[in-house]
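These notes concern the structure reproduced below.
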Amino acid sequence: MNAIQRLGIGLAALGRPAYINVGRAAELPSSRSVPQMRDATWNVLDAAYAAGVRWVDAARSYGRAEEFLGGWVNARAPDGLTVSSKWGYTYVGEWRMDAPVHEVKEHSLERYQAQYKETQALLNGHLSVYQVHSLTEDSPLFEDTRLQGALAEAAAEDVRVGFSTSGPGQSDTIRRAMALEVSGQRLFSTVQSTWNVLETSAEGALREAHAAGLHVLLKEVLANGRLATRPPEAVRSVASRKGVGPDAVALAAALSRPWAGTVLIGAVSPVQLQANLAAAQVTLDEEDLALMGDLSVPPDVYWAERSELPWV
């Protein structure tokens with residue numbers, strides 16, 4: 001599989017008017033109406049598909065992302081596309097930039113059953129992977145055998161079942177989730193976690209997941225845009241030497257991990273996308289990787305800084 005085929009498009013920053021990605025605002029229409037954001041989503045999906053990208057990731061909480069994606073799939077009828085989405089958060093922002101709360105989390109059987117129906121309806125049967133959104137060790141899912149059984153039923157219907165992680169305890173969550181079984185079968189076959197050169201704490205657990213046969217997806221590889229807009233000196237230095245932007249270098253660092261099956265891009269315009277796709281042509285040597293190897297910060301620090309990012 002070539003590098004482009006290992007890249008996917010994440011729609012977190014395209015399906016709703018406000019999100020925490022730094023550097024997003026200038027690439028989007030100022031009013032961010034529903035039709036404008038739908039057009040922006042379709043433009044990115046068209047450009048990504050033309051470039052060879054074949055994985056798209058959404059979520060119930062990404063505003064109208066599933067609706068936009070479902071409409072695009074129906075209009076374009078793309079071949080070989082893998083569509084993943086997530087349940088567990090509900091979008092409550094009412095398409096407002098200044099909403100006091102944008103999403104609400106609930107890992108319950110009732111929420112899963114309702115959102116699974118909604119996702120299937122919006123994606124018109126094109127769902128390939130359904131993931132628990134931001135699973136943490138304190139999630140009631142770990143004790144809810146009825147919910148686990150319902151997820152296993154989806155797996156029996158040829159929808160791969162996975163989970164995503166967030167927060168400083170990603171490693172412990174990944175290992176605990178990998179151990180879940182229903183009727184003697186491992187419940188989860190995919191895991192989507194935050195990994196970037198600033199937040200590498202989940203690497204060991206993700207390597208174990210890959211070795212166990214799970215498909216590993218990496219998200220927030222640009223640290224919600226921070227590595228593209230205000231990169232550390234080490235990233236700028238490697239980017240200058242390679243003749244690409246810092247975003248491409250940060251993405252290339254993720255692609256250099258052989259255990260990473262899919263690396264998600266959060267571009268909101270074809271211009272951003274093309275800059276990101278340059279990562280597929282970047283080869284990082286040991287010197288490059290060593291230069292960036294000291295950038296990782298303690299996970300508590302990273303996630304505290306992330307929590308301060310504004311929704312704009």
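Please go through the range 294-303 and pick out each residue that is open to solvent by less than 70 Å² (accessible area, probe 1.4 Å) and in contact (Cβ under 8 Å) with a residue 40 or more places away in the chain.
Step one: list which residues in the range 294-303 are open to solvent by less than 70 Å² (accessible area, probe 1.4 Å), which gives 295-297, 299, 301-303.
Correct list: Leu295, Ser296, Val297, Pro299, Tyr302, Trp303.
Being farther than 17 Å from Gly63 by Cβ and either crowded, with 20+ Cβ neighbours inside 10 Å or touching a Cys at 6+ places or on another chain (Cβ under 7 Å) (or both) is the filter here, so list the residues in the range 85-123 that pass it.
Matches in the range 85-123: His107, Tyr112, Tyr116.
Which one of these does Ile174 not meet: (1) without any contact (Cβ under 8 Å) to a residue 60 or more places away in the chain; (2) of a type outside the set (Ser, Thr, Tyr); (3) at positive phi; (4) in contact with a Ser or Thr (Cβ under 7 Å, 6 or more places away or on another chain)?
Of the numbered conditions (1) without any contact (Cβ under 8 Å) to a residue 60 or more places away in the chain; (2) of a type outside the set (Ser, Thr, Tyr); (3) at positive phi; (4) in contact with a Ser or Thr (Cβ under 7 Å, 6 or more places away or on another chain), the odd one out for Ile174 is (3).
Of all residues in the range 149-179, count the ones that are modelled with pLDDT of 95 or more, more than 20 Å from Glu110 (Cβ to Cβ) and of a type in the set (A, V, I, L, M).
4
Inspect all residues belonging to the range 196-204 and state whether any of them is charged (D, E, K, R), out of contact with any Leu (no Cβ under 7 Å at 6 or more places or on another chain) and crowded, with 21+ Cβ neighbours inside 10 Å.
Kept after step one, since they are charged (D, E, K, R), are these residues of the range 196-204: 199, 203.
Among the residues that remain, those that are also out of contact with any Leu (no Cβ under 7 Å at 6 or more places or on another chain) are: 199, 203.
Narrowing further to those that are crowded, with 21+ Cβ neighbours inside 10 Å: 199.
So far as the range 196-204 goes, yes, one or more of its residues are charged (D, E, K, R), out of contact with any Leu (no Cβ under 7 Å at 6 or more places or on another chain) and crowded, with 21+ Cβ neighbours inside 10 Å.
Anything in the range 210-240 that is touching a Gly at 6+ places or on another chain (Cβ under 8 Å) and open to solvent by 20 Å² or more (accessible area, probe 1.4 Å)? List them, or say none.
Matches in the range 210-240: His210, His215, Lys219, Glu220, Leu222, Ala228, Thr229.
Within the range 186-195, can you find the residues that are in a strand (DSSP E or B) and open to solvent by 10 Å² or more (accessible area, probe 1.4 Å)? First the steps, then the outcome.
Pass one, the range 186-195, residues in a strand (DSSP E or B): 186, 190-194.
Hit for the range 186-195 is Arg186, nothing else.
If only one of Thr262, Thr229, Thr283 is free of Cβ contacts under 8 Å to residues at least 60 places away in the same chain and hydroxyl-bearing (Ser, Thr, Tyr), which one is it? Talk me through it step by step, then tell me what you get.
On the way: Thr262 fails: free of Cβ contacts under 8 Å to residues at least 60 places away in the same chain; Thr229 fails: free of Cβ contacts under 8 Å to residues at least 60 places away in the same chain.
Matching residue, one of Thr262, Thr229, Thr283: Thr283.
Quick one: count up the residues across the range 62-81 that are touching a residue at least 24 places away in the same chain (Cβ under 8 Å), assigned to a loop (DSSP other than H, G, I, E, B) and surrounded by fewer than 24 Cβ atoms within 10 Å (Cβ to Cβ).
Matching residues across the range 62-81 total 4.
Conditions (1) touching a strand residue (DSSP E or B) at 6+ places or on another chain (Cβ under 7 Å); (2) without any contact (Cβ under 8 Å) to a residue 40 or more places away in the chain; (3) of a type in the set (Ser, Thr, Tyr), marked per residue:
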{"position": "Val132", "(1), (2), (3)": "yes, no, no"}
{"position": "Phe142", "(1), (2), (3)": "no, yes, no"}
{"position": "Arg146", "(1), (2), (3)": "no, yes, no"}
{"position": "Ala150", "(1), (2), (3)": "no, no, no"}
{"position": "Ala154", "(1), (2), (3)": "yes, yes, no"}
{"position": "Gly167", "(1), (2), (3)": "no, no, no"}
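Just checking, how many residues over the range 135-176 are in a strand (DSSP E or B) and not aliphatic (A, V, I, L, M)?
So the first thing to find is which residues in the range 135-176 are in a strand (DSSP E or B), and the list is 135, 160-165.
Now narrow it down to the ones that are not aliphatic (A, V, I, L, M): 160, 162-165.
Number satisfying all stated conditions: 5.
Which ones in the range 180-200 are over 18 Å from Val221 (Cα atoms) and out of contact with any strand residue (DSSP E or B) (no Cβ under 8 Å at 6 or more places or on another chain)?
Initial filter on the range 180-200 (over 18 Å from Val221 (Cα atoms)): 180-189.
Listed by number, the residues that qualify are Glu181, Val182, Ser183, Gly184, Gln185, Arg186.
State the number of residues belonging to the range 124-134 that are open to solvent by 10 Å² or more (accessible area, probe 1.4 Å), assigned to a strand (DSSP E or B) and either of a type in the set (D, E, K, R) or farther than 16 Å from Gly63 by Cα (or both).
Taking the range 124-134 and keeping what is open to solvent by 10 Å² or more (accessible area, probe 1.4 Å), we get 124-128, 133-134.
This time we only want the ones that are assigned to a strand (DSSP E or B), so: 133-134.
Keeping just the survivors that are either of a type in the set (D, E, K, R) or farther than 16 Å from Gly63 by Cα (or both) gives 134.
Residues in the range 124-134 being open to solvent by 10 Å² or more (accessible area, probe 1.4 Å), assigned to a strand (DSSP E or B) and either of a type in the set (D, E, K, R) or farther than 16 Å from Gly63 by Cα (or both): 1 in total.
Restricting the range 140-158 to residues that are out of contact with any His (no Cβ under 9 Å at 6 or more places or on another chain) and open to solvent by less than 10 Å² (accessible area, probe 1.4 Å), which is nearest to Gly184 (Cα to Cα)?
Leu151
The values are calculated or read from the model by the stated rules, or taken from the named source; none is laboratory data. These numbers were taken from a predicted model, which means no experiment stands behind them. Note that we place each Cβ from the backbone using ideal geometry, even for glycine, and neighbour counts take in every protein chain shown. For the accessible areas, the whole protein counts, side chains as well, though only heavy atoms, and no ligand, DNA or RNA atoms are used. Shrake-Rupley method; radii C 1.70, N 1.55, O 1.52, S 1.80 Å.
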